[in-house]
Amino acid sequence: MTELADRIKQLPPYLFAEIDRLKEEVAKKGVDIIDLGVGDPDIPTPNEIVEVAKKAIENPKNHQYPSYVGMLKFRESVANWYKRRFGVELDPSTEVVSLIGSKEGIAHLPLAYINPSDYALVPDPGYPVYPVAVMFAGGEVYKMPLKEENGFLIDLDSIDKDVLKKAKLMFLGYPNNPTSAVADKDFYKRVVELAKEYGFVVASDNAYSEICYDGYKPISFLEVEGAKDVGIEFHSLSKTFNMTGWRIGFAVGNRDVIAALGKVKTNIDSGIFQAIQEAGAYALDNAERLNAQIIKTFQKRRDQMDEALRKAGFEFNTPKATFYFWVKVPKGFSSAEFTKKLLQEKGIVVTPGNGFGDAGEGYFRISITNPRIEEAVERIRSAAL
Ligand code: MLT
């Protein structure tokens, strides 16, 4: 049998696939598992969206290849939503591209910009797809540590100047996965300045902008003046409308970057099933109402989790957005040791902080995509004793 390529040989199993595998092993022993691992909403997609998709599936026009860049109707809905939600104007013809979930776009973007020995700047801890995508494109990953003392924002001043000169791309994601930190306009302004100075492309991952609490509304990177000159933003319908399984997202912003990503994609995939795009357009057209209903559930869970973890004596910051609590592991444990103990002895699935990068060591991530919150925290507390 032919040997695997080095890029695959070197690659550890995908974080959430590995967690699923370990979970299956424990489940086989008959353990009652509470899964607080992957950020995959347990609540169904709103029925109205499902009904639109059902009708759209019956339309034979939707049975052929979709447009590569996405139906104009879907891209218009994206542009209209960006205008209403963030005050950002987008040309649906040139500044929006549909994606088979934002993961797909993130994974393909480095292919458009990275030559061997080029650098991409990647947050650590961060969504595992950022460094892997850079590696697949043959580039070098420069890790930008997210530290608590800096509010888990990227410390832009500490990035190596020689690396900046060779950097083609910067990934960033706020509201942040996994730390749940949020960014303000000042931070994004400095990102734009740096990108202009060194000439790299900014890829802002804004998948969690609608999962927010206490009336707080996360902003878009594109709200900052000059942002569209240097970058794009990814968004996904997965989290906003409980649609992870549908695989629908989009990228918006700089038209050259959108065209470059589109060029990669036309060579690799053939777009999203049109019936799904019709449902996605409906979701975006009714985003305010549909998302408000969804957020009620997560706000309740965020409050419950916050209270239960505090009572149990854990250290963390209350998330203003995302599904995630980024919690310090109890003294005496590494991230891997504690999460392994939680799974094997308590039937609790959480994500080890170091699974998101070395700088995540010392933390574990809890996702509130499961309603059994008090019970879960009681088991986590008992494992820490
Ligand atoms: C996560 O749990 O980090 C995310 O749900 C993974 C993803 O969005 O692909």
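Taking helices (runs of 4 or more DSSP H) that fall entirely within the range 252-332, which contain at least 1 residues that are farther than 20 Å from SER236 by Cα and within 19 Å of the chain's Cα centre (by Cα)?
On the way: elements: 255-268, 274-285, 287-311.
Where helices (runs of 4 or more DSSP H) fall fully within the range 252-332 and carry at least 1 residues being farther than 20 Å from SER236 by Cα and within 19 Å of the chain's Cα centre (by Cα), they are 287-311.
Which residues, counting only those in the range 266-316, are surrounded by fewer than 17 Cβ atoms within 10 Å (Cβ to Cβ), of a type in the set (Val, Ile, Thr) and over 27 Å from LEU109 (Cα atoms)?
ILE295, THR297
Which is in contact with a strand residue (DSSP E or B) (Cβ under 6 Å, 6 or more places away or on another chain) and under 28 Å from MET170 (Cβ atoms), of ILE268, ILE248, ILE258?
Exactly one residue qualifies, and that residue is ILE258.
Find the residue count for the range 35-86, including only residues that are within 16 Å of the ligand (Cβ to nearest atom) and not hydrophobic (A, V, I, L, M, F, W, C). Outline the logic, then answer.
Step one: of the range 35-86, the residues within 16 Å of the ligand (Cβ to nearest atom) are 35-43, 45.
Now drop any that are not not hydrophobic (A, V, I, L, M, F, W, C), which leaves 35, 37, 39-42, 45.
Residues flagged as within 16 Å of the ligand (Cβ to nearest atom) and not hydrophobic (A, V, I, L, M, F, W, C) within the range 35-86 amount to 7.
Return the residues of the range 68-100 that are more than 24 Å from GLU225 (Cα to Cα) and β-branched (Val, Ile, Thr); say none if nothing qualifies.
VAL69, ILE100
Can you pull out every residue in the range 244-268 that is among the aliphatic types (A, V, I, L, M) and more than 16 Å from the ligand (Cβ to nearest atom)?
Across the range 244-268, the qualifying residues are VAL252, VAL257, ILE258, ALA259, ALA260, LEU261, VAL264, ILE268.
Condition test on GLU374, is it in a helix (DSSP H, G or I), of a type in the set (Asp, Glu) and exposed (fewer than 15 other Cβ atoms within 10 Å of the Cβ)? Can you show your working first?
Working: in a helix (DSSP H, G or I): yes; of a type in the set (Asp, Glu): yes; exposed (fewer than 15 other Cβ atoms within 10 Å of the Cβ): yes.
Judged against the criteria, GLU374 is a match.
Give me a count of the residues in the range 359-372 that are more than 14 Å from the ligand (Cβ to nearest atom) and of a type in the set (A, V, I, L, M, F, W, C).
Summing the residues that are more than 14 Å from the ligand (Cβ to nearest atom) and of a type in the set (A, V, I, L, M, F, W, C) in the range 359-372 gives 1.
Which residue is nearest to the ligand (Cβ to nearest atom), if the candidates are limited to the range 191-243 and must be of a type in the set (Lys, Arg) and surrounded by fewer than 24 Cβ atoms within 10 Å (Cβ to Cβ)?
For the range 191-243, the residue satisfying everything is LYS217.
Could you check how many residues of the range 189-238 are among the aromatic types (Phe, Trp, Tyr) and under 23 Å from GLN277 (Cβ atoms)?
Looking only at that region, the number is 2.
Does the range 74-87 contain any residue that is buried (at least 16 other Cβ atoms within 10 Å of the Cβ), in contact (Cβ under 8 Å) with a residue 40 or more places away in the chain, touching a helix residue (DSSP H, G or I) at 6+ places or on another chain (Cβ under 6 Å) and not in a helix (DSSP H, G or I)?
The answer is no, given that none of the residues of the range 74-87 is buried (at least 16 other Cβ atoms within 10 Å of the Cβ), in contact (Cβ under 8 Å) with a residue 40 or more places away in the chain, touching a helix residue (DSSP H, G or I) at 6+ places or on another chain (Cβ under 6 Å) and not in a helix (DSSP H, G or I).
Name the residues in the range 112-135 that are closer than 23 Å to ASP269 by Cβ and under 19 Å from the mean Cα position of the chain (by Cα), would you?
Of everything in the range 112-135, those that are closer than 23 Å to ASP269 by Cβ and under 19 Å from the mean Cα position of the chain (by Cα) turn out to be ALA120, TYR127, PRO128, VAL129, TYR130, PRO131, VAL132, ALA133, VAL134, MET135.
Condition first: in contact with a strand residue (DSSP E or B) (Cβ under 6 Å, 6 or more places away or on another chain) and within 12 Å of the ligand (Cβ to nearest atom). Now tell me which residues in the range 89-104 satisfy that.
GLY101, SER102
Pairs only if they're at least six apart or on different chains, beta carbon under 9 angstrom, first in the range 8-34 and within 26 Å of GLU375 (Cβ to Cβ) and of a type in the set (Asp, Glu), second at pLDDT below 90 and away from the ligand (no atom under 15 Å from the Cβ); list them, first residue then second.
Pairs that qualify, where the first residue is within 26 Å of GLU375 (Cβ to Cβ) and of a type in the set (Asp, Glu) and the partner is at pLDDT below 90 and away from the ligand (no atom under 15 Å from the Cβ), are GLU18/PRO12.
Output the residue which, of all residues in the range 162-190 that are surrounded by fewer than 24 Cβ atoms within 10 Å (Cβ to Cβ) and of a type in the set (Val, Ile, Thr), is nearest to the ligand (Cβ to nearest atom).
VAL182
It is to be established whether one or more residues within the range 33-48 are assigned to a helix (DSSP H, G or I) and surrounded by 12 or more Cβ atoms within 10 Å (Cβ to Cβ).
Yes, that holds for at least one residue.
Please find, within the range 344-358, the residue that is surrounded by the most Cβ atoms within 10 Å (Cβ to Cβ) out of those that are over 23 Å from ILE294 (Cβ atoms) and within 16 Å of the ligand (Cβ to nearest atom).
Looking at the filtered set, the residue picked out is ILE348.
If you take the residues of the range 291-341 that are more than 26 Å from THR244 (Cα to Cα) and among the aliphatic types (A, V, I, L, M), which of them is farthest from the ligand (Cβ to nearest atom)?
Taking the candidates together, the pick is ALA312.
Scan GLY353, GLY362 and give me the residue that is among the small types (Gly, Ala, Ser), on the phi > 0 side of the Ramachandran plot and touching a Gly at 6+ places or on another chain (Cβ under 8 Å). Please lay out each step first, then the result.
On the way: GLY353 fails: on the phi > 0 side of the Ramachandran plot.
GLY362 is the lone residue from the list that is among the small types (Gly, Ala, Ser), on the phi > 0 side of the Ramachandran plot and touching a Gly at 6+ places or on another chain (Cβ under 8 Å).
Among the residues that make up the range 152-159, is at least one of them among the aliphatic types (A, V, I, L, M) and within 16 Å of the chain's Cα centre (by Cα)?
yes
The values are calculated or read from the model by the stated rules, or taken from the named source; none is laboratory data. Everything numeric in this text was worked out from a predicted model, so none of it was measured. Neighbour counts are summed over all protein chains in view; Cβ atoms, including those assigned to glycine, are modelled from backbone coordinates with ideal geometry.
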